[in-house]
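In what follows, a single structure is set out as structure tokens and then discussed.
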Amino acid sequence: MKYYRQQSNAFPASYLNDLFGEIKACPYFVTNNLNRDFVATKGFSVVFQQSGLMEVEEKFPFFKRYLDVALQSNCNAFYLNPLLLQSGSRVDPHIDRSLRSYCKTIEPPLFVSVLYVRIPENMEGGELILRCQKRQVGQIKPEINNLVYFQGDLTHSVNAVKTTGNRLSLVCEQYSLSDSELEEIPNFLVESRIVQPAKKKMR
């Protein structure tokens, strides 16, 4: 993969409709717990290791089909979050390192996967911008049912959404960690503004 790749029509339309409804109805789905780069967004996060995948699917069965397709076999730790942007929302430039709150030595993920679940009709703005150092290497206009993978070390941002409606994506940072790094990562943990995440490994 050179910077990014895309897979169109990744899932049946019925699955996307169900996924949208389940995420919107989830009690964890509130104002985002992510950092200040995520402006006026909603969502929650699920931290898990490969060994915790079954627990994720038991707690959030609506994620299973996405995870079956999106997760890469050479990765062993993951940071999954549904991300909702509406009019005025944006994501400022950053490189994903969400698992660093558990282990400071962790480098960026190998890959980040993004599924576009719901997009406003005739949306203006909301493009995913990818940069390698300061050079732009991609500008992706969201399309419903498009599954995007990009290199985890790329700086990326989302342009401000200028139209009403819901721009919902399902994002997964995918890491390949050493055994010692993996010891610091929860096997399964939900992060949300309505729960207090523990910073210790859950056994």
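The values are calculated or read from the model by the stated rules, or taken from the named source; none is laboratory data. Because the structure is a prediction, the values reported are computed rather than measured. Please note: Cβ atoms are built from the backbone with ideal geometry, for glycine as well, and neighbour counts cover all protein chains shown.
Test residue 151 against the criterion of being without any contact (Cβ under 8 Å) to a residue 40 or more places away in the chain and either surrounded by 20 or more Cβ atoms within 10 Å (Cβ to Cβ) or on the phi < 0 side of the Ramachandran plot (or both), and give yes or no.
Criteria not met by residue 151.
Would you say residue 96 is within 24 Å of residue 137 (Cα to Cα) and either without any contact (Cβ under 8 Å) to a residue 60 or more places away in the chain or not in a strand (DSSP E or B) (or both)?
In short, yes.
Residue under question is residue 186, and the condition is that it be outside any strand (DSSP E or B), farther than 23 Å from residue 23 by Cβ and under 19 Å from the mean Cα position of the chain (by Cα); does it hold? Please lay out each step first, then the result.
Numbers: outside any strand (DSSP E or B): yes; farther than 23 Å from residue 23 by Cβ: no; under 19 Å from the mean Cα position of the chain (by Cα): yes.
In short, no.
If I ask for residues that are in contact with a Ser or Thr (Cβ under 8 Å, 6 or more places away or on another chain) and surrounded by fewer than 18 Cβ atoms within 10 Å (Cβ to Cβ), which ones from region 38-58 would you list?
39, 40
Name the residues in region 13-35 that are touching a Gly at 6+ places or on another chain (Cβ under 8 Å) and at pLDDT 95 or above, would you?
Of everything in region 13-35, just one residue is touching a Gly at 6+ places or on another chain (Cβ under 8 Å) and at pLDDT 95 or above, namely 29.
So in region 135-148, with the set limited to residues that are touching a residue at least 60 places away in the same chain (Cβ under 8 Å) and either within 24 Å of residue 75 (Cβ to Cβ) or of a type in the set (A, V, I, L, M) (or both), which one is surrounded by the most Cβ atoms within 10 Å (Cβ to Cβ)?
148
Collect the residues in region 101-134 that are charged (D, E, K, R), at pLDDT 95 or above and loosely packed, with under 15 Cβ neighbours inside 10 Å, keeping them in residue-number order.
Passing the criteria: only 124.
List pairs: first residue in region 154-174 and more than 20 Å from residue 123 (Cα to Cα), second residue aromatic (Phe, Trp, Tyr) and assigned to a strand (DSSP E or B) anywhere in the structure, Cβ distance under 6 angstrom, at least six positions apart or on different chains.
Cβ pairs passing all conditions: 172/78; 173/79; 174/78; 174/111.
Among the listed residues 66, 15, 79, identify the single one that is part of a strand (DSSP E or B) and touching a Phe, Trp or Tyr at 6+ places or on another chain (Cβ under 9 Å). Outline the logic, then answer.
Values: 66 fails: part of a strand (DSSP E or B); 15 fails: part of a strand (DSSP E or B).
One residue alone meets the criteria, 79.
Kindly list the number of the only condition in (1) touching a Gly at 6+ places or on another chain (Cβ under 8 Å); (2) in contact (Cβ under 8 Å) with a residue 60 or more places away in the chain that fails for residue 70.
For residue 70, the failing item is (1).
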